[in-house]
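Written below as structure tokens is the structure these notes are about.
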Amino acid sequence: VAAQLRSSGLLQTQGLIGGKWTEAYDGKTIEVCNPATGDVIANVPCMGRRETADAISSAYDTFKSWSKFTATERSKCLRKWYDLLIAHKDELGKLITLEQGKPLKEAVGEVSYGASFIEFFAEEAKRVYGDVIPATLADRRIVVLKQPVGVVGAITPWNFPLAMITRKVGPALACGCTVVIKPSELTPLTALAAAELSLQAGIPPGAINVVMGNASDIGETLLESPQVRKITFTGSTAVGKKLMAGAAATVKKVSLELGGNAPCIVFDDADLDVAVKGSLAAKFRNSGQTCVCANRIIVQEGIYEKFLNAFSAAVRNLQVGNGFTEGVAQGPLINEAAVQKVEAFLQDATSKGAKIQLGGQRHSLGMTFYEPTVVSNVNSEMLLSREEVFGPVAPICVLKLRRKLIHIYKQLHACLACCLCSINCRGSQRERERYAYGMCMVREGFPLTETRPTGKVKSFGLMRIGEKWTMDEFKQFPYIICDSI
Ligand code: ADP
């Protein structure tokens, strides 16, 4: 696969600064490995402060011209980039599977999903309207402008190597900003391939820069630079807090998308098949490694036994293996640390009375493969209920009284609740709204498309992504008051 990607020009293994493919200045590299086999796919530069400073300078210089492109010109460049991403959907999907491990079908799905942000924001680029506000004096006019903030630092995780980048870079470029991307060191190759396609699409060199290597040095350089006016981040709560504090010194805008703790709730009146299918999708997508994956499935008493049996049977059918193998639904976890986290959470749960219904072991395939696992008797004292397990473990607990749900919600509220997957929420709109933390999905397990908001609430994050409001995250709003127009 690597050879095939190399021949199509998409296996870029250097950073991108000012449109030039660049090694680390001291020649250091880091290995990018295939989590399914442990094979080294490529060595990429281990960059730090100096390379990041140069990437910022190039983004800053390019901002002066890119922000002056007309909205239509920017829109056309983005549309071309979208077309190229779609034209290379299969190769990009293979690259995602190679470095991240998810099944090829899911990976190709991520390319469509990721590319859809570029298409959406290519359209939105043309709709950056200002406002004229009624003045308090008869001979005055107040005009509000919408301007791009400037250089954006985009720091992204490994679980969606393409989509996490496009949903930040799409709106940033559409507004007229330029970007320095720091992808996860675990999955930089997809970011580099997407950047190569951006150059082919005619997005000017320097508008998109990619650096990777020493995360804290790169992060600090972005934070310290007065030329960087915005940090957009998806990742752990701990790193997000650090970035927010660091952004204060130069008063940058900050968007954060942090950890989640999404419940999936199955009421007595649910259609069992729909509930099982929805919960399976909500839990086991990307082997449980997404921030909106159901962290706990709460099942009302009347349907509990039936649901547990049917759900366990469906989980038993999930085929584990290399994401390139036809029919595989569960790839490996991203690394050894991820497996150890799953093991620690299960150890904690069983020591507090949880019962493993299915799985609960490393998979016989070895590496970082883990058996799809179902755990019952889960209570709120367990780590499984309180923090994201980020793995293929479905903790199930029983809901005796529907009115207790609000109590459970209050607990979630205290521990980063973000998202409700309600399979069959027959209550009133008002009832649904009580559950609507970040997102509320009624009878479905897939929360995300480019046109919906990714609502971040409370300490789960500060970010609007993937709809008309997103553009405001990358803009500033000066106004002019004058005596005539
Ligand atoms: P995850 O557990 O999902 O990997 P992290 O927050 O560790 O979450 O990583 C998300 C992104 O943040 C990655 O690109 C990672 O390299 C980057 N990162 C980690 N530590 C820092 C840091 N101190 N400063 C800036 N970026 C960081």
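Points to keep in mind about this one:
- The stretch 189-227: number of residues that are part of a strand (DSSP E or B) and not hydrophobic (A, V, I, L, M, F, W, C): 3
- Number of the exception - residue 185 against (1) more than 16 Å from the ligand (Cβ to nearest atom); (2) part of a loop (DSSP other than H, G, I, E, B): (1)
- Scanning the stretch 206-225 for residues that are among the small types (Gly, Ala, Ser) and under 21 Å from the mean Cα position of the chain (by Cα) yields 213, 215, 216, 219.
- Residue in the stretch 291-308 that is of a type in the set (Gly, Ala, Ser) and free of Cβ contacts under 8 Å to residues at least 12 places away in the same chain present: no
- Summed over the stretch 188-232, residues that are more than 9 Å from the ligand (Cβ to nearest atom) and free of Cβ contacts under 8 Å to residues at least 60 places away in the same chain total 3.
- A single member of 52, 97, 62, 37 is farther than 29 Å from residue 149 by Cβ, among the hydroxyl-bearing types (Ser, Thr, Tyr), in contact (Cβ under 8 Å) with a residue 60 or more places away in the chain and surrounded by 20 or more Cβ atoms within 10 Å (Cβ to Cβ), and it is 97.
- Among the residues here, residue 89 does not qualify as crowded, with 23+ Cβ neighbours inside 10 Å, of a type outside the set (A, V, I, L, M) and within 22 Å of the chain's Cα centre (by Cα).
- When we screen 203, 181 for residues that are under 15 Å from the mean Cα position of the chain (by Cα) and at negative phi, the only hit is 181.
- Residue count, the stretch 384-414 (criterion: within 16 Å of the ligand (Cβ to nearest atom) and modelled with pLDDT of 95 or more): 1
- The set of residues in the stretch 326-371 being within 16 Å of the ligand (Cβ to nearest atom) and either in contact with a Leu (Cβ under 8 Å, 6 or more places away or on another chain) or of a type outside the set (D, E, K, R) (or both) consists of 332, 333, 334, 335, 337, 338, 339, 340, 342, 344, 345, 368.
- Search result, residues across the stretch 233-264 that are hydrophobic (A, V, I, L, M, F, W, C), outside any helix (DSSP H, G or I) and near the ligand (Cβ under 10 Å from one of its atoms): 233, 258
- Filter result for the condition that a residue is surrounded by 15 or more Cβ atoms within 10 Å (Cβ to Cβ) and of a type outside the set (Asp, Glu), over 72, 29: 29
- Given (1) in a helix (DSSP H, G or I); (2) at pLDDT 90 or above; (3) among the charged types (D, E, K, R), number of the condition residue 230 does not satisfy: (1)
Here is a yes/no grid of residues against (1) surrounded by fewer than 24 Cβ atoms within 10 Å (Cβ to Cβ); (2) out of contact with any Ser or Thr (no Cβ under 9 Å at 6 or more places or on another chain):
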{"site": "253", "(1), (2)": "yes, no"}
{"site": "260", "(1), (2)": "no, no"}
{"site": "303", "(1), (2)": "yes, yes"}
{"site": "318", "(1), (2)": "yes, yes"}
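- Of all the numbered requirements in (1) closer than 29 Å to residue 126 by Cβ; (2) surrounded by 24 or more Cβ atoms within 10 Å (Cβ to Cβ), residue 201 misses one, and that requirement is (2).
- Scan the stretch 105-151 for residues that are over 28 Å from residue 56 (Cα atoms), in contact with a Lys or Arg (Cβ under 9 Å, 6 or more places away or on another chain) and part of a strand (DSSP E or B) and the total you get is 3.
- Within the option set 337, 349, being among the small types (Gly, Ala, Ser) and touching a residue at least 40 places away in the same chain (Cβ under 8 Å) holds for one residue only, 349.
- Residue 13 vs. criteria surrounded by fewer than 18 Cβ atoms within 10 Å (Cβ to Cβ), in contact (Cβ under 8 Å) with a residue 24 or more places away in the chain and not charged (D, E, K, R): yes
- Count - residues of the stretch 209-229 that are touching a Leu at 6+ places or on another chain (Cβ under 7 Å) and buried (at least 24 other Cβ atoms within 10 Å of the Cβ): 3
- Summed over the stretch 59-70, the residues that are within 21 Å of residue 221 (Cβ to Cβ) and touching a strand residue (DSSP E or B) at 6+ places or on another chain (Cβ under 6 Å) give a count of 4.
- Residues of the stretch 142-173 that turn out to be more than 15 Å from the ligand (Cβ to nearest atom) and either within 24 Å of residue 251 (Cβ to Cβ) or touching a Cys at 6+ places or on another chain (Cβ under 8 Å) (or both), as a count: 12
The values are calculated or read from the model by the stated rules, or taken from the named source; none is laboratory data. Note that the structure is a prediction, hence the values are computed from the model and not measured. Positions of Cβ are generated from backbone atoms using ideal geometry, with glycine treated the same way; all protein chains shown enter the neighbour counts.
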